[in-house]
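Enquirer: Mind looking over this structure? Questions follow.
The values are calculated or read from the model by the stated rules, or taken from the named source; none is laboratory data. Quantities reported herein were computed from a predicted structural model and do not represent experimental measurements. Cβ placement follows ideal geometry from the backbone for every residue including glycine, while neighbour counts extend to all protein chains displayed.
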């Protein structure tokens, strides 16, 4: 009865009152176009396509169901269907940015996988760039929604576009709203809140820390 002795030893090794960990369950509570209300364990959130919540990546969502990725495995989940999975939250990427001599925070990153420099601007609604910069990055911004904006010098045309991706350090987001201002200003691409609001930002002394959010 070696198996019985082994089982008894295993029970003795488990502290009294300790519960055996159960696989976390992922459930689709509601579906929208490119969004889904997901429940992971006892946590719920409306998640957009391309966003990760509690270690679960929502790849896509329609009225028929959602496609999620867990530990690299792609799964289809219908409305109100749940699946169990043994998975862990990925470690969050974080980036430490030191100010320049003027107290400005510059960081290297990518837009649509093309390298660029950003100026972190928590006062900007969107990622914002000049028309000349957008052209250099291959962005066909004039296919976006046209409007106008008042600058210090004049009223200028602007376009609202959606960038395929924006990344800094190990943090990368898809489908990021951006504003393109006709001309050569601003000189630097402004990393605004259409990106920053999906991260956790902390300032310790003069260092700006940007962390990936689950």
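Enquirer: Is there a residue being surrounded by 19 or more Cβ atoms within 10 Å (Cβ to Cβ) and under 14 Å from residue 106 (Cβ atoms) anywhere in region 200-212?
Expert: First pass over region 200-212, keeping only residues surrounded by 19 or more Cβ atoms within 10 Å (Cβ to Cβ): 210, 212.
Okay, now just the ones that are also under 14 Å from residue 106 (Cβ atoms), so 210.
Looking through region 200-212, at least one residue is surrounded by 19 or more Cβ atoms within 10 Å (Cβ to Cβ) and under 14 Å from residue 106 (Cβ atoms).
Enquirer: Right, next: Before we move on, is residue 102 free of Cβ contacts under 8 Å to residues at least 12 places away in the same chain and either loosely packed, with under 13 Cβ neighbours inside 10 Å or more than 18 Å from residue 173 (Cα to Cα) (or both)? First the steps, then the outcome.
Expert: On the way: free of Cβ contacts under 8 Å to residues at least 12 places away in the same chain: yes; either loosely packed, with under 13 Cβ neighbours inside 10 Å or more than 18 Å from residue 173 (Cα to Cα) (or both): yes.
Considered against the rule, which asks whether it is free of Cβ contacts under 8 Å to residues at least 12 places away in the same chain and either loosely packed, with under 13 Cβ neighbours inside 10 Å or more than 18 Å from residue 173 (Cα to Cα) (or both), residue 102 comes out as yes.
Enquirer: A further question follows. What are the pairs, 6+ residues apart or on separate chains, where a residue within region 136-147 that is on the phi < 0 side of the Ramachandran plot and assigned by TED's automatic domain parsing to the domain that holds residue 163 has its Cβ under 8 Å from a residue that is exposed (fewer than 12 other Cβ atoms within 10 Å of the Cβ) and in a helix (DSSP H, G or I)?
Expert: The qualifying pairs do not exist here.
Enquirer: Within region 59-76, how many residues are outside any loop (DSSP other than H, G, I, E, B) and within 11 Å of residue 30 (Cα to Cα)?
Expert: As a first pass, look at region 59-76 and keep what is outside any loop (DSSP other than H, G, I, E, B): 59-61, 66-70, 73-76.
With within 11 Å of residue 30 (Cα to Cα) added as a condition, the list becomes 61, 66.
Residues flagged as outside any loop (DSSP other than H, G, I, E, B) and within 11 Å of residue 30 (Cα to Cα) within region 59-76 amount to 2.
Enquirer: Checking residue 84 against (1) at pLDDT 85 or above; (2) in a strand (DSSP E or B), which single condition isn't satisfied?
Expert: With (1) at pLDDT 85 or above; (2) in a strand (DSSP E or B) applied to residue 84, the lone miss is (1).
Enquirer: A follow-up question, please. So, restricting to strands (runs of 3 or more DSSP E) that lie completely within region 97-214, which ones have at least 2 residues that are more than 30 Å from residue 56 (Cα to Cα) and either at pLDDT below 95 or in contact with a helix residue (DSSP H, G or I) (Cβ under 7 Å, 6 or more places away or on another chain) (or both)? Working first, answer last.
Expert: Details: elements: 106-111, 114-120, 127-130, 145-150, 155-168, 171-181, 189-191, 199-204, 207-212.
Those strands (runs of 3 or more DSSP E) span 145-150, 155-168, 171-181.
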